[in-house]
Amino acid sequence: MFGGKASRNRFDPGLDTFPDIMVDAMAAEMALDRRGGADGRAGVPPPDAATLSAAELEAVDAVRSVRRRALGQYEMELQSYAARVAEAGAARERVQMMVGEAENQLRNLTREEENRLENARAHVTGMQAKLDAFRARNRLVGPPRAAGSVVLAVGLILIVALIETGANGYFFAAQNTLGYLGGIVAAAIISAVNIAFSFLAGHFTRYLNRRQIGWKLFGLLVFAAFLAFAVTLNLAVAHFRDALATLGWEAALVAAIDGLRADPLGLRSFESWLVVGFGALVSITAFLKGLTLHDPYPGFNRVHDDYEDAIDDYAEAYSEAQEALDAAFEAARDKLEDEAAKRRIELKSAVDAVFARGTLTRNLTAFLEVCDEAGRRLLRVYRDANLRVRKDTGPAYFNAPFAFPDYAPPDFEQGDRAEALREIERIDEVVHTGTDRLLAARECALDAYPTVREIKAGDAVPRPRVVPAERRRQGAA
């Protein structure tokens with residue numbers, strides 16, 4: 001039997017099989033033998049009748065109904081497949097239209113990404129101009145010295161501070177009511193003050209390198225303040241250590257200040273000079289770390305880091321734009337190939353189905369003959385039963401052979417098979433060419449925007465856009 005609507009777009013070898021007509025079952029269902037006998041006893045149809053009786057008409061209509069449904073489905077199948085062959089060019093045009101849509105989507109996405117990328121690029125340009133102006137104003141060349149490791153700097157300072165704290169804690173413990181713990185606390189406070197002031201002094205002493213005279217004087221004052229602070233603090237702590245040998249803590253503080261004023265270098269014990277030495281070591285270490293943690297020229301690291309951060313932001317935006325465009329290209333290419341594959345399969349199926357009409361036509365001829373024979377057999381069952389009980393010879397048309405009217409199949413425009421097959425090849429060519437066009441559009445996307453390497457080389461200005469055709473000509477040249 002023929003397939004329904006769901007199968008019209010797919011060739012099914014089973015479609016060349018027409019339905020069987022079960023004559024015996026149909027005759028039994030309509031009780032033709034019994035009705036023929038009953039009509040014969042009643043003299044129906046009369047001897048001069050020229051038209052079929054009601055029972056005969058019912059039998060013929062039963063076969064005609066099967067015949068009509070089969071022929072209707074046959075015509076629908078031929079029309080459906082012939083229409084698909086005729087639409088071969090439309091299938092190619094659909095694929096071409098998809099290529100154009102994909103190109104437009106890729107261009108629109110490119111513009112969106114470039115608009116987003118422009119902000120990051122403009123920020124890079126601004127930071128680069130700021131860095132160039134800073135270098136020119138201060139006569140600097142190249143990048144600044146990379147900032148040192150804060151972890152290493154803090155670690156070294158802490159090691160020296162712990163040594164000083166431990167030593168001073170031992171020296172201060174004698175007269176402290178809390179003993180060694182009190183000495184450690186006092187030594188730690190002194191070390192913290194020493195480290196903090198010395199580190200900051202080292203950091204701001206770098207302003208001696210600035211070209212402006214005001215900043216140079218500021219750096220010089222900071223350095224002088226450091227020297228005065230380091231000498232005063234460490235000698236004061238040493239005098240305090242000397243005073244603790246004979247006095248309590250409060251009295252030792254007063255005596256240390258008096259001794260520092262009267263004779264700064266008049267220390268009475270070796271341990272006090274050790275206190276000076278440890279204190280000086282901490283001061284110098286913290287000062288040097290503050291001095292060398294950044295570039296010698298103050299402000300250079302900050303301006304350069306702002307520029308590098310702007311480049312990193314641009315690189316991230318550029319990478320995200322590339323990934324978005326790559327994903328759009330892959331999706332468009334896959335969609336194009338899937339659509340083309342579906343169109344090829346449907347078109348090839350339609351071509352195969354329509355041009356397999358030979359077998360279908362032969363089966364149609366046999367089926368029409370079966371219908372005629374089925375009609376004759378059903379009528380013969382009725383007429384034989386009718387004639388067996390009649391007293392006359394029956395109407396003359398009983399002896400005439402029955403046949404349905406000749407079937408003239410509609411003449412569908414079948415199209416040119418060779419042309420349809422060429423359209424299938426053209427679809428493949430459209431896909432190949434379309435993929436190349438999409439790839440060319442993808443390759444020229446973001447082409448106007450510099451890469452991170454080009455920005456690092458000093459080129460952060462957008463270039464004129466090169467369209468795919470120009471790119472191909474340049475490649476050929």
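General observations
- Ranked by the mean number of other Cβ atoms within 10 Å per residue, highest first, peptides 45-53, 26-34 order as 26-34, 45-53.
- Probe 1.4 Å, all protein chains present, accessible-area order of Arg92, Arg376, largest first: Arg376, Arg92
- Residues of the range 221-238 falling in the label zone of Leu274, defined by backbone nitrogen less than 14 Å from a point 7 Å along Cα to beta-carbon, are 238.
- Per-pair calculated FRET efficiency, R0 = 35 Å: Glu454 and Leu281 via Cβ, rounded to 0.05: 0.10
The values are calculated or read from the model by the stated rules, or taken from the named source; none is laboratory data. These numbers come from a predicted model, not from an experiment. Reconstructed Cβ throughout: ideal geometry from the backbone, glycine too, with neighbour counts over all protein chains shown. The protein model used for the area step is the full one, side chains on, heavy atoms only, and it has no ligands, DNA or RNA in it. Shrake-Rupley method; radii C 1.70, N 1.55, O 1.52, S 1.80 Å.
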